[in-house]
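Q: Right, I'll just put the structure down here and ask away after.
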Amino acid sequence: MALDFEKPLEEIESRIGELKKLNEKSDVDFDTEIAALEKKLRSTSKRVYSKIGPWETVQIARHPERPLLRDYIQGLCTEFLELHGDRCFGDDQGIIGGFATLRQHRVMIIGHQKGKTVEENIKANFGMASPDGYRKAMRLMNLAAKYKLPIVSFIDTPGAYPGLEAEARGQAEAIARNLTDMSTLPVPVIVIVTGEGGSGGAIGIGVGNVVLMLSNSVYSVISPEGCATILWRDGSKAPEAAAALKITADDLVALGIVDEIIPEPVGGAHRNMDATIESVGDVLVKHLRRLKKMSAKRLIDQRYDKYSKIGRYKKK
Amino acid sequence: MAWFRKSGRKQLETSDSDLWTICPSCSAHIYKQEWEAGLKVCPKCNHHARISSTERRDLLIDSGTWREYAAHVTTSDPLLFSDAKGPYKEKAAAAKTKTGLKESVLTGDGKIGGIPVSMAIMDFRFLGGSLSSGCGEKITLTAEHAGRHRWPFIILSASGGARMHEGIISLMQMAKTCAAIARLNDLGVPYLSVLTDPTTGGVSASYAMLGDINIAEPHALIGFAGRRVIEQTIKQKLPDDFQTAEYLLEHGFIDHIVNRKDMKEFLHRVLQYGKRR
Ligand SMILES: [Zn+2]
């Protein structure tokens, strides 16, 4: 699936495809034409992706073929022992988690799970978790604390689920509780934003010693569409809002929220899933090795300092 | 307002707004003096109107004991944000002029019936009581101040949620303030949350829900997601009492609904149990 701004590439790609088919069927040789088009594709691709703005990045971050949590688990873990339920109400599918062996490191993985198909998406509520999801995540994180396992939290959500049942069961309380309890976890917490970091739904499992972002992911207090509707009184001004909100990985590093950006292949993670997953694995292992050497007290203090520094008031 | 006495006609035109307050909930006409004496609570329907942070402080803190803390903190513009209506900087400056406040929360310490406490009082008049870097900083500094003195900490919330104009920095204030609350918990310092109308979005999903005791004013709107967003998502109408203090009490998220006039006495009663011993 090509995004709007990728249309010029899609045209060249389909032309190449047609010529390749003709090449097989007919006696005429199209090799020169194909080579020329492939060259054009490379230069066009360079041009298209070098000038993508925050709004295009939002499109890539939401790309339906982008790798999801289960892809990362499958690509990086020799074992994943999924654990279920919040012990209060149910087993939300918007957030999943469990024991995992990530390149020889035993860890607890939690994270948002979107779906690839309509059925999967309905089951996972499009990655919008309910209070049960946040409580399940906290239950697993507390278990990780007990077993002294590092926690890796994958963020990819449009936001916490806005529903009647979610409110009735305390969406606000569940997120608030996680923010508090995550701040004192005695084990390493690595947070990685792989797609959409949607507001309270993201930070609800996002308090870490280190926060990583894929280069085409976004992290924001409100969706660009929501912000445009409120502050521009016009949802179609989402591109303007996306720029004003400063939601790209580069912005977040500059603002001191994100510690490291994991580069994606040209065009986005979905264009080369294996390469993306490998890079994510390399960076995770690097931080796991470093954080595992830190004492519980240092981990807690470092996490506290990281957040108390954000928005610290400086006299002008 | 001496001028209107000059003409009987003018007096008729202005008397409504000068002598009477119309209850925003039941539309009853309340004699203004009665309205003020009743702490802006409707005698007919018990609607608790929004009041300022200084009014709340004066209702709760023993007179002469208040000392403002972290008063130097004011708004910042970390994103250099601008929207259709212009720069956030100008919007913040206008809010300061209008309210005489420097941020959406008033912080300090004082005594409640002789018991020393630290307090953060949000003010809805200042950009909808939004949680910003300045607001998060004031609350965090005051919580740390409370922790050093082992004084109980009380937050009175009144907020529409995070301040969009500060983007991700405002979102992170949820984590920052909650970490400060966690430290108070570790120290065994009491933390009480009073939720007033409205307490929604990022404030409901952080410190407001985390009191050792959560107390709400009657009929206060309390919830995470906006009513319209939920109705659009689930495509059904929500019950009338949805996201009210009463609804939250019924669902187990607050301990008590307390009338404004009784709030000080109620806090004092609770504080007796949280005394250091
Ligand atoms: Zn009334």
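Q: Give me the angle, in degrees from 0 to 90, between the Cα long axis of helix B:167-187 and the longest principal axis of the Cα atoms of chain B, rounded to the nearest 10.
A: The two axes meet at around 60 degrees.
Q: Run the dipole for the protein assembly as shown about the Cα centre, Lys and Arg Cβ at +1, Asp and Glu Cβ at -1, nothing else charged, and hand back the magnitude in debye, nearest 20.
A: 2340 debye
Q: For segment B:148-153, take each phi angle, set θ = phi - 60°, evaluate the Karplus expression 6.51 cos²θ - 1.76 cosθ + 1.60, and give the result in whole Hz per residue in order, putting x for glycine and proline.
A: Using θ = phi - 60°, the values come out as 4, 8, 6, 8, x, 10 Hz.
Q: Follow-up question, since we're still on this one. Just the number, please: carbon plus sulfur as a percent of the accessible area of segment A:130-271, 1.4 Å probe, no ligands or DNA/RNA counted.
A: Reported share for carbon and sulfur atoms: 53 percent.
Q: Also, I was wondering about something else. Taking H placed 1.01 Å from N in the peptide plane, check which residues at least 5 places from A:Glu264 or on another chain put their amide H under 5 Å from its amide H.
A: Here the answer is A:Ser215, A:Asn216, since their amide H atoms fall under 5 Å of that of A:Glu264.
Q: Also, I was wondering about something else. What whole-number distance in Å separates the alpha-carbon centres of segment B:46-66 and segment A:125-139?
A: 38 Å
Q: Just going by the charge dipole of the protein assembly as shown, with Lys and Arg at +1 and Asp and Glu at -1 on Cβ, which of B:Gln232, A:Gln104, B:Ala143 is farthest out on the positive end?
A: B:Ala143
Q: While we're looking at this one, here's another question. Determine the shielding of peptide B:225-234 by partner chains: average, over its residues, the number of Cβ atoms on other chains within 10 angstrom of each Cβ.
A: 4
Q: Using modelled amide H (1.01 Å from N, peptide plane; none on Pro or chain starts), what sits under 5 Å from the amide H of B:Thr244, excluding residues fewer than 5 places away?
A: Sorted by chain and number, the residues that satisfy this are B:Ile222.
Q: Along segment A:203-215, what does the Karplus equation 6.51 cos²θ - 1.76 cosθ + 1.60 (θ = phi - 60°) give for ³J(HN,Hα), rounded to whole Hz, x for Gly and Pro?
A: 5, x, 10, x, 8, x, 6, 9, 10, 10, 9, 5, 5
Q: Relative to the longest principal axis of chain A, what angle (0 to 90°, nearest 10) does the C-alpha long axis of helix A:7-25 take?
A: Around 50 degrees separate the two axes.
Q: Next question, about the same structure. Under the Karplus relation 6.51 cos²θ - 1.76 cosθ + 1.60, θ = phi - 60°, what is the ordered set of whole-Hz ³J(HN,Hα) values for segment A:90-98, x standing for Gly and Pro?
A: Those phi angles translate into x, 10, 4, 9, x, 10, 10, x, x Hz.
Q: Under 19 Å from a point placed 7 Å out from the Cα of B:Ile115 along the Cα-to-Cβ direction: which residues of segment B:139-160 have their backbone N that close?
A: Of the residues in segment B:139-160, B:143-157 have backbone N under 19 Å from the label point off B:Ile115.
Q: At 1.4 Å probe size, with every protein chain present, just tell me what the per residue accessible area of the protein assembly as shown comes to in Å².
A: With all protein chains present, the protein assembly as shown gives 44 Å² per residue.
Q: Just the number, please: carbon plus sulfur as a percent of the accessible area of segment A:4-51, 1.4 Å probe, no ligands or DNA/RNA counted.
A: Exposed carbon and sulfur together represent 52 percent of the surface.
Q: Chains A and B: how much accessible area gets covered up at their contact, both sides added, probe 1.4 Å, in Å² to the nearest hundred?
A: Summing both sides, the interface buries roughly 4300 Å².
Q: Let me ask another. Residues in segment A:1-18, backbone N under 11 Å from the label point at A:Ser50 (7 Å along the Cα-to-beta-carbon vector): list them, ranges by number please.
A: Within reach of a label on A:Ser50: no residues.
Q: Would you work out if chain B is rounded, prolate or oblate? Take a ≥ b ≥ c from the square roots of the eigenvalues of the alpha-carbon gyration tensor; rounded if a/c is under 1.5, else prolate when a/b is larger than b/c, oblate otherwise.
A: Here chain B falls in the rounded category.
Q: Now for a different question. Could you work out the mean count of beta carbons from other protein chains within 10 Å of each residue's beta carbon in A:180-193?
A: Rounded to a whole number, the mean comes out at 2.
Q: Efficiency by 1/(1 + (r/R0)^6): what FRET value for A:Asp91 and B:Val229, r their Cβ-Cβ distance, R0 = 35 Å, to the nearest 0.05?
A: Taking R0 as 35 Å, the efficiency between A:Asp91 and B:Val229 is 0.90.
Q: Oh, and also: Can you tell me which of B:Ala225, B:Ala28, B:Ala182 moves the most in a GNM of chain B? Springs connect C-alpha atoms under 10 Å apart.
A: Residue with maximal mean-square fluctuation among B:Ala225, B:Ala28, B:Ala182: B:Ala28.
Q: With labels modelled as points extended 7 Å from the Cα through the Cβ direction, what inter-label distance (nm, one decimal) is found for A:Glu24 paired with A:Arg312?
A: Label at A:Glu24, label at A:Arg312, 6.3 nm between them.
Q: Express as a percent, rounded to the nearest 5, the fraction of DSSP beta bridges in segment A:58-308 (both residues included) that run antiparallel.
A: Given both bridge residues lie in segment A:58-308, the antiparallel proportion sits at roughly 40 percent.
Q: Take the alpha carbon gyration tensor of segment A:58-308, find the square roots of its eigenvalues, order them as a ≥ b ≥ c, and report rounded if a/c is under 1.5; if not, report prolate when a/b exceeds b/c, else oblate.
A: rounded
Q: Multiply the residue gap between B:Glu265 and B:Leu39 by 0.36 nm, knock off their C-alpha separation, and tell me the result in nm, one decimal place.
A: 79.8 nm
Q: Here is a further query. Could you size up the charge dipole of segment B:39-146 around its Cα centre, putting +1 on the beta carbon of Lys and Arg and -1 on that of Asp and Glu, and report it in debye to the nearest 20?
A: Dipole size: approximately 440 debye.
Q: Once you've got the GNM for chain A with C-alpha springs shorter than 10 Å, pick whichever of A:Ser199, A:Ser279, A:Ser50 has the biggest mean-square fluctuation.
A: A:Ser50
Q: Further question: Identify the residues of segment A:244-267 with backbone N under 15 Å of a label point that sits 7 angstrom from the Cα of A:Asp4 along the Cα-to-Cβ direction, or state none.
A: Under 15 Å, as judged by backbone N against the label point of A:Asp4, lies no residue of segment A:244-267.
Q: Helix A:31-50 sits at what angle to the longest principal axis of chain A, using alpha carbons and giving 0 to 90 degrees rounded to 10?
A: 40 degrees
Q: Would you pull out the residues with amide H under 5 Å of B:Ala216's amide H, same chain only if 5 or more places away, H placed 1.01 Å from N?
A: B:Leu195, B:His256, B:Ile257, B:Val258
Q: Follow-up question, since we're still on this one. About the Cα centre of segment A:70-142, what is the dipole size in debye to 20, counting +1 per Lys and Arg Cβ and -1 per Asp and Glu Cβ, all else neutral?
A: The dipole magnitude comes to about 200 debye.
Q: Using DSSP, restrict attention to beta bridges with both residues in the protein assembly as shown and report what percent are antiparallel, rounded to the nearest 5.
A: So the antiparallel bridges in the protein assembly as shown amount to around 45 percent.
Q: A further question follows. If I stretch the segment between A:Gln302 and A:Glu278 completely, what's the gain in nm (0.36 nm per residue apart, minus their alpha carbon distance), one decimal?
A: Difference between extended and current length: 5.9 nm.
Q: Which of the three applies to segment A:4-51, rounded, prolate or oblate, going by the alpha-carbon gyration tensor with a ≥ b ≥ c and a/c under 1.5 meaning rounded?
A: The shape class here is oblate.
The values are calculated or read from the model by the stated rules, or taken from the named source; none is laboratory data. Source: prediction; values computed, not measured. Cβ coordinates were reconstructed from backbone atoms using ideal geometry, including for glycine residues, and neighbour counts include every protein chain displayed. Side chains included, ligands, DNA and RNA excluded: accessible areas come from the protein's heavy atoms. Shrake-Rupley method; radii C 1.70, N 1.55, O 1.52, S 1.80 Å.
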